[in-house]
Amino acid sequence: MPSDDHLRFVALGDSQTEGLGDGDDTVGLRGWADRLAERLALHDPGVQYANLAVRGRLAAQVHQEQLAPALALRPDLATVVAGVNDLLRPRFNADEVAGHLEAMFAALTAQGARVATLTFPDVARITPLARPISSRVTALNHRIRQAAHRHRVVVAETSHHPVVTDPRLWCPDRLHASPLGHERIAAAVAHALDLPGSDDSWTRPLADPRAAVPAGWRTAAGELRWAASFLGPWLGRRMRGRSSGDGRTAKRPNLLPLRAAFASGETKENGR
């Protein structure tokens, strides 16, 4: 069991919180929640951290599968980020998704945890083929803000800053953040939480804007390659009733201290 003398941080969510795009299943996933834990460890080297997130999970599944284990860990700090997988489903219902998020906000804050979440960028600014779901993103973000306000949940507003759609912050699948993107998310949440040493530098454009758009990005040919390589397989799994998270469990289900190396210095905007 973790010591009561140290901060307990528990992360709930889907693939972004699990860390897809930042490492891989061979070397291990890092991700923004790990990076946030590293920032916490700079000020509390004994911080205890659990990550219950599992890729492919809908908001209802995060609620049903992760809330009870999270409450059992009695966190001082919890992050709840879910809903992107719902946005991509044909029968998306913003009220239903936000209802699951709010239920988690309510339960965690009622137990005394400080809770943080974030809003989502307009995916149409990342890939034009996703333009039909822009209104869904707007609707969900609005409801997240309302629910967060009711329960005094901290919101990292990542939705409207131009830098969040810089291609360098995204993996080739345009669904998951790159290592640099995960670092920016961690910095955004740290800033929203007003952690010592955090600031708004995560909102600023990356250097060398001429390098922002890789070859083939946002061209007709590039969009078709992306659809064939990533969108098609994703839709195929949905049609077969399968998920990328089938058979998977949380990568860090128990509260454990971070490796000493994680607390040795400031994180940088790069990979491992």
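Computed from the coordinates by the stated procedures, all read-outs in this text should not be read as laboratory data. Please read all numbers here as calculations on a predicted model, not as lab measurements. Backbone-built Cβ (ideal geometry, glycine too); neighbour counts: all protein chains shown.
A cut-off under 12 angstrom between Cβ atoms defines the neighbours of residue 203, and their net charge, with Lys, Arg +1 and Asp, Glu -1, is -2.
The Cα center of the stretch 86-121 and the Cα center of the stretch 3-41 differ in position by 19 Å.
With a cut-off of 11 Å between beta carbons, the residues surrounding residue 193 carry a summed charge of +1, where Lys and Arg count +1 and Asp and Glu -1. Please label the shape of the stretch 40-97 as rounded, prolate or oblate, based on the square roots a ≥ b ≥ c of the eigenvalues of the alpha-carbon gyration tensor (a/c under 1.5 means rounded; beyond that, a/b larger than b/c means prolate, else oblate). Cα axes put the stretch 40-97 in the prolate bin. Take every Cα pair under 8 Å whose residues are at least 6 apart in sequence, average their separation, divide by the length of the stretch 1-124, and the relative contact order is 29 percent.
Peptides 66-73, 198-205, 183-190 ranked from most to least packed give 183-190, 66-73, 198-205, packing being the mean of other C-beta atoms within 10 angstrom over each peptide's residues.
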